[in-house]
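Note sheet for the following structure.
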Amino acid sequence: MHTLYKDSNSPRIEPQELISSNPFGTFFGVSQAVLDQVWGQLTHENGNSVAYISMEIGADPDVCNPVKDLLGDLPVADISDPQLLSFIEKLRKGPEKIPNYSGGLGVLAGDTLKSFADCHIPVAAVSLFYRHGYFSQYVDSLLGQISQQVSWKPEKTHGLYLLQDPDHPDQPLTIDVPFINEHNQDSLAQAQVWMKMEISQQLDFFVPEFLLDFHLPGSPELIKKAARQLYNAESTIIKAVQRRMLGTGILPLLDTLGLTAKTIHLNEQHGVSVVLQLISQELRQELNGQSLTSATDQQILAAADRVAQHVVYTIHTPVKAGHDRFDKGMYAGISRSSCQHLLNLLARDDDSPHSYNFTTLAMQVNRATNSVSRLHRDVTRKQFPQFAHKISAITNGVHHPTWISNNRARVFDDFEELRNWRHDPGVMRQSEQLKDQPRFRNRLLQAWQDDTSRLYHLVNQMLMEHRNQRQKTWIDPPNFYSSLIDTHNRLTPDTFTIGFARRFSTYKRADLIFDDMDTLCEILIENNWPVNFLFAGKAHPADEPGKTLIKMILDSQEELYRKSRGLANLIFIPNYDMKLAKIMVAGVHAWLNSPKRPLEASGTSGMKAALNGVPNISIMDGWWVEGYHEGATGWKFGHEGPVEEACLSEDPSTLLYKEDSAAFYQLLPEILAGFYTGSSPELFLDKAAMNLALNIPIFNTHRMTAEYLQRYRLSLPREQEKIMLRHSSCYDSNRQ
Ligand SMILES: *Cc1c(COP(=O)(O)O)cnc(C)c1O
């Protein structure tokens, strides 16, 4: 039998020892001792743990999988135990995607949970399980985005387990969730529970994600529909039911599993209906058996204040579409009258007396409201002045071991000063001293070039495939360049490459830099500068303006190519996901973000680029206000008005296309001259080293976790407290 070592000074691990079980199932990836320890913490009567609630969690195993890293090349022939063999087969050959996320919010949740695991913070996450995931994106140059239902096989996916009923181990565990039936009578909805484990890099801790699966044969049709797809927008009632499934499922889940978390962290307001249940519980005790409808307003407000002591809330966007509001009449059809009484008091909507506003509810019932960057804190205080005293900033981060490319990681590993970067991202500050060492610069440059080649290999292969498919299928390839590409004519990695990938929505202005094609092309032609723009991203299937933006990107390709006399290419890579994100952020020469300030509350894809040393070119919005460091790490452009005068509208007339695109054209020659003239690659290497030194210590989820701990009121062992203090000492998000 092979013995494995996680790293040179950790204890050896036998693969057999990675199988563990408890009354809810048999799991793979951590030892029995680790399973027992974590489960013991989460079910301990002292309640010293957190329930983390998120509508979506993005943690695809193909970008981060500590178990696979360890067992990757274990010869199968050596394994005699059939159970171990089946776990390893699943790990090697099973699906590597869990399509339960749509974008930044979900990926942030996944990154956060991975850091909780690495830092040994006792947390259990709760989310929903979507039978049809989000959607797969196909792109046709004439039709634009085509959304296709994803088919995925959770049963065959490594690291995902359907929990079993401890009393009937051959049957799945089900929980009963209070609901209302179509006759407005109390009823119960059933859910099964999937568990995904976010396992620490050392395999010595994990954070369970409990995914509630309401799509059962006996479920009512409305619930089945709401359980099928993340952000199903077929109707507002389905949307409301989906939110309720998450919020109302939390307490029955915790109860059934015996989880004792005293703090609930709402990652966005989607699951906020849990506070209605908690307030009802409080009132029931107080009213001593009397009906809840007899509660007075004072009693309700006092109960809400008590419940608030247990809730921490993170708000992620100032954009209206991110704040759920539901018509009161519609909501009456899916809730009890006592619940409506609570909502009338706690979920007022300033804009409409006929709606409930669930952001107001979440704002009202918490002990700490967190925004996701400093600028977003100021915007949120302006948006919700009555709650300004509770609102503070914890700037987002990303899970650095997930997002730093293997090539970059090898460089960091080879320099003594940086070697501990996986566990202590603060050590990367020392890249500033390494910046002028030729060996460091050469290694960094080589890693960057290797990542760029990898990206170009993928892009050229895709373009060729699309060209060939055109002859076989009805799909018109989404790239004009597919009509030009052949074995001699390819896109080349020495061309300056700008990356842009994120959800397509109006305020992100994906088409901003193509607003004045003539000016853009003049700059390129005058200097004979070739440029490739690589774009990717999905629009929500119901977001028509978002889909129009994708179509406009496709429609610009040929014009850009011709007007620039072939110097510029705009390529769209379909079906953006975490894996593609990881390849793009590491491979491009600069990462672009062009939202309308201040609507990008944080943004995280730019952080992923920065962690690889790739400079950002960005509007001064979200995290970039904090990551720009006077130009040491990249470039800024566009409008920078004060928050007091900020306009939060997404109306086309307020989107500042003219002003901000002109600012981009003014900046572009400086960047391109830096790349193509004598100072290259030195200028870019300087910026790369400064990104490692200044931005890795800040924009990682270990530091973010350490700041959230100050809101969680957990008690941790002294040693661990010290480690977390080291992470949080790298930064203070809440500084003015
Ligand atoms: C990081 C990431 C996002 C978020 O990008 P933003 O810049 O925050 O908009 C969205 N989708 C995927 C797949 C990602 O990896």
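What to note about this one:
- Scan of the range 587-600 for residues that are touching a His at 6+ places or on another chain (Cβ under 9 Å) and near the ligand (Cβ under 9 Å from one of its atoms), ordered by number: E600
- Checking each residue in the range 91-117 for being more than 8 Å from the chain's Cα centre (by Cα), more than 19 Å from R422 (Cβ to Cβ) and β-branched (V, I, T) picks out only I98.
- Residue that is nearest to the ligand (Cβ to nearest atom) [pool: residues in the range 541-580 that are open to solvent by 50 Å² or more (accessible area, probe 1.4 Å) and part of a loop (DSSP other than H, G, I, E, B)]: N575
- Filtered by the rule that a residue be open to solvent by 10 Å² or more (accessible area, probe 1.4 Å), within 21 Å of the chain's Cα centre (by Cα) and not charged (D, E, K, R), the range 506-534 gives T506, Y507.
- For the range 174-196, the condition holds for no residue, the condition being that it is open to solvent by 10 Å² or more (accessible area, probe 1.4 Å), within 16 Å of the ligand (Cβ to nearest atom) and modelled with pLDDT of 95 or more.
- Residue that is farthest from the ligand (Cβ to nearest atom), among those in the range 58-93 that are among the small types (G, A, S) and touching a residue at least 40 places away in the same chain (Cβ under 8 Å): A59
- Residue selected from the range 216-227 under the condition assigned to a loop (DSSP other than H, G, I, E, B) and either of a type in the set (G, A, S) or modelled with pLDDT of 95 or more (or both), by the criterion nearest to the chain's Cα centre (by Cα): L216
- Residue ID - farthest from the ligand (Cβ to nearest atom), chosen from residues in the range 496-513 that are out of contact with any Gly (no Cβ under 9 Å at 6 or more places or on another chain) and in contact (Cβ under 8 Å) with a residue 60 or more places away in the chain: F496
- E96 vs. criteria more than 16 Å from the ligand (Cβ to nearest atom), surrounded by fewer than 22 Cβ atoms within 10 Å (Cβ to Cβ) and part of a loop (DSSP other than H, G, I, E, B): no
- Odd one out for M584 among (1) open to solvent by 10 Å² or more (accessible area, probe 1.4 Å); (2) within 11 Å of the ligand (Cβ to nearest atom); (3) under 23 Å from R454 (Cα atoms): (1)
- Residue match in the range 606-615 (condition: more than 12 Å from the ligand (Cβ to nearest atom), in contact with a Phe, Trp or Tyr (Cβ under 6 Å, 6 or more places away or on another chain) and open to solvent by less than 10 Å² (accessible area, probe 1.4 Å)): yes
- Residues in the range 637-687 that are open to solvent by 40 Å² or more (accessible area, probe 1.4 Å) and acidic (D, E): E640, E644, E645, E650, D651, E659, E670, E682, D686.
- Condition met for E644 (out of contact with any Gly (no Cβ under 8 Å at 6 or more places or on another chain), away from the ligand (no atom under 15 Å from the Cβ) and at pLDDT below 95): yes
- Residues that are charged (D, E, K, R) and within 23 Å of P217 (Cβ to Cβ) number at least 1 in the following strands (runs of 3 or more DSSP E) confined to the range 116-185: 168-172, 174-180.
The values are calculated or read from the model by the stated rules, or taken from the named source; none is laboratory data. Keep in mind that what you see is a predicted model, and the values were worked out from it rather than measured. Here the Cβ is made from the backbone with ideal geometry for all residues, glycine too, and neighbour counts use every protein chain on show. For accessibility, only protein heavy atoms count, side chains too; no ligands or nucleic acids. Shrake-Rupley method; radii C 1.70, N 1.55, O 1.52, S 1.80 Å.
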